[in-house]
Amino acid sequence: MRAFVLAIDGPAGAGKSTTARGVAKGLGLLHVDSGSMYRAAAWLALRKGVGLDEERPLVDLLSRARIEPSPEGMLVNGERVEDVIRTAEAGEAASRVAVHPEVRRRLVALQRSFARAPGVVMEGRDIGTVVFPNADLKIFITASNEARAERRFHELRERGECPDRSGIVEAIRERDRRDTERAASPLARAPDALVLNTTGLIPEEQVELATRWAELARRGAGRATPVYWLGKSFVRVFARIFLDFHVEGLDRIPRKGPLIVACNHISFWDPPLVGATIPRLMHFVAKAELFENRLFGALIRSYNSIPIHRGSRARAGLRGAEDVLSSGGAVLIFPEGTRNKSHTLLAPRAGVARVSAATRSPVLPACITGSNQIRRSVLRQVPIRITFGSPMMPPRSLEVGREEARRYASEVMEAIAALRADQERRYGSDRRR
Ligand code: DC
């Protein structure tokens with residue numbers, strides 16, 4: 001059995017540990033807090049009188065020590081160090097030893113050795129970027145500075161310390177600066193990581209959301225039918241050979257777990273082109289009218305299309321998309337609901353928000369331009385460009401009201417518009433499209 005790897009990264013106090021521990025417990029996986037390994041290394045150095053800024057002696061010290069996770073927390077040479085490494089000073093010291101590339105190399109090798117079946121949930125700063133760049137799922141946890149400071153404050157109080165609030169905010173800023181600016185593996189979000197913003201969430205909500213994503217990523221989503229496989233291969237080859245075709249942001253697409261790709265819609269070609277570009281099995285939400293012609297209907301159905309009706313029946317139609325997402329699959333949706341060649345994007349339909357909320361699926365904005373001028377693209381007069389953005393969190397509640405759904409759908413549309421504006425800024429615009 002292959003080990004399932006969930007990488008959780010984020011700054012201090014954003015809720016990584018609560019989430020990682022909760023997910024690991026729920027799914028029966030090993031939980032490794034890589035931060036506590038840096039803390040343990042720093043603690044050992046302080047105990048042995050080795051300077052925190054001296055790389056060589058630190059590495060020598062580590063080569064003689066045994067650092068390992070256990071259900072009781074981190075062990076150093078068999079000794080439980082959990083209590084002594086949790087102080088604010090130990091955190092500071094850890095951040096200092098973590099700047100040394102050779103220290104990191106050693107600890108990273110150790111961290112990789114923990115990826116054993118059934119799997120591991122590892123939290124840290126560089127898990128999705130350096131330790132496990134091919135993790136099955138990457139989650140980047142963030143929260144506002146105020147929320148993070150508040151959590152740290154309570155954590156320290158519970159441990160019997162008397163922390164000073166403004167001091168904590170300052171310390172968080174300083175630690176962020178050091179963790180993000182250091183040359184060796186700085187804190188960074190992997191582009192394909194799902195963002196989990198925990199500001200305003202209670203711990204149970206965080207754990208529930210991350211567990212759902214992990215569960216679905218672990219399950220893996222179906223196999224392609226022969227029609228799908230052939231169609232996708234054909235479109236890919238056609239685009240590569242005949243079109244002036246450019247794709248950006250593929251590294252931002254999460255390869256596993258539920259995902260809604262939301263794209264603007266200017267041509268019949270959009271579903272096949274965008275779908276064929278995404279490196280995972282896609283399903284497509286399409287107008288029910290398209291299924292009325294029996295032959296064409298059968299064809300697009302076998303090409304993973306899900307019919308959706310307008311008006312009062314729309315909600316029932318969206319259930320097809322929800323089923324796909326609830327088994328860990330990916331769905332391409334055009335929130336404008338119809339083709340729109342004008343330069344002004346249409347007001348979105350609320351379905352994207354409803355489906356995302358109900359299935360807790362992140363939404364990845366995407367933008368396509370030029371696809372309505374295929375002929376001119378063949379003649380190399382108009383490029384066709386597809387750009388993918390970064391995944392957005394689903395709405396907070398499972399059931400969204402009309403207003404909230406509209407607001408969320410508008411945010412998705414704004415993200416699509418921003419991608420297009422960025423394309424135009426860099427490549428100029430072709431308004432004839
Ligand atoms: O998550 P934490 O506060 O326990 O981490 C302590 C320090 O260790 C943190 O300031 C940066 C460092 N660290 C790191 O550089 N890379 C990791 N993967 C985890 C922690």
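Mind pulling the angle between the C-alpha long axis of helix 402-427 and the longest principal axis of the chain? Nearest 10 degrees, somewhere in 0 to 90. The angle comes out at about 90 degrees. When the alpha-carbon atoms of segment 356-433 are used, the pair Rg, Dmax equals 15.8, 48 angstrom.
Taking amide H as placed 1.01 Å from N in the peptide plane, the amide H of residue 284 sits under 5 Å from that of 305, 306, 332, each at least 5 places away or on another chain.
The C-alpha atoms of the chain define a longest principal axis, and helix 165-181 lies at about 70 degrees to it. Going by alpha carbons, how many degrees (0 to 90, nearest 10) lie between the helix axis of 16-27 and the longest principal axis of the chain? Relative to the chain, helix 16-27 is tipped by roughly 70 degrees. Taking a ≥ b ≥ c as the square roots of the eigenvalues of the Cα gyration tensor, an a/c ratio of 1.5 or more together with a/b larger than b/c marks segment 1-124 as prolate.
Proximity of backbone amide H atoms, modeled 1.01 Å from N, is registered between residue 248 and 386, 387, 388 at under 5 Å, excluding neighbours fewer than 5 places apart on the same chain. Values of log10 I(q)/I(0) for segment 253-341 across q = 0.17 Å⁻¹ run -0.70, by the Debye formula with one identical scatterer at each alpha carbon and no solvent. Across the chain, Cα pairs under 8 Å and at least six residues apart give a relative contact order of 16 percent.
Derived scalar couplings between HN and Hα for segment 335-347 equal x, 5, x, 7, 5, 9, 8, 5, 6, 8, 5, 7, 5 Hz in order, rounded to whole Hz, by the Karplus curve 6.51 cos²θ - 1.76 cosθ + 1.60 (θ = phi - 60°), x for Gly and Pro.
How high is the relative contact order of segment 270-406? Use alpha-carbon pairs under 8 Å, at least six apart in sequence, and give a whole percent. Relative contact order of segment 270-406: 21 percent. Contact order, relative form, for segment 293-357: 23 percent (alpha carbon pairs under 8 Å, 6 or more residues apart, mean separation divided by residue count).
Any idea what log10 I(q)/I(0) is at q = 0.11, 0.12, 0.14 Å⁻¹ for the chain, Debye with uniform C-alpha scatterers and no solvent? Results for the chain at q = 0.11, 0.12, 0.14 Å⁻¹ read -0.88, -1.00, -1.22.
Counted over the chain, the DSSP beta bridges are approximately 20% antiparallel.
Along the charge dipole of segment 214-285, Cβ charges K/R +1 and D/E -1, which of 265, 285, 254 sits furthest on the positive end? After comparing all options, I get 254. Each peptide in 41-48, 184-191 gets a packing score, the mean of other Cβ atoms within 10 Å over its residues, and the list from highest to lowest is 41-48, 184-191. Per-residue packing, averaged as other Cβ atoms within 10 Å, sorts the ranges 362-368, 131-137, 50-56, 142-148 into the order 362-368, 131-137, 142-148, 50-56, beginning with the highest. Residues whose amide H falls under 5 Å from that of residue 82, counting only those 5 or more places apart or on a different chain, are 74, with hydrogens built in the peptide plane. What number of lysine-lysine pairs in the chain show an alpha-carbon separation below 22 angstrom, given a sequence spacing of 8 or more or placement on distinct chains? Pairs that pass both the separation and distance tests number 9. In order along segment 182-198, the Karplus-derived 3J(HN,Hα) couplings, from 6.51 cos²θ - 1.76 cosθ + 1.60 at θ = phi - 60°, round to 5, 6, 8, 6, x, 4, 8, 7, 5, x, 9, 7, 7, 8, 10, 8, 9 Hz, and Gly and Pro are given as x.
Here the Gaussian network model covers the chain, with springs between Cα atoms less than 10 Å apart; of 61, 325, 27, 61 fluctuates the most. For segment 201-208, putting each phi into the Karplus relation 6.51 cos²θ - 1.76 cosθ + 1.60 with θ = phi - 60° gives couplings of 8, 8, x, 4, 5, 4, 5, 4 Hz, in residue order, rounded to whole numbers and with x for Gly and Pro.
Per residue, the chain reaches -14000 deg cm²/dmol at 222 nm when only DSSP H runs of four or more residues are counted, each adding -39500 (n - 2.57).
Charged side chains reduced to their Cβ positions (Lys and Arg at +1, Asp and Glu at -1) give segment 1-62 a dipole of some 340 debye around its Cα centre.
Read-outs throughout are calculated quantities, based only on the coordinates presented, and are distinct from any laboratory measurement. The model shown is predicted, which means the values in this text are computed figures rather than measured ones. No Cβ is skipped: glycine too gets one built from the backbone with ideal geometry, and neighbour counts run over all protein chains shown.
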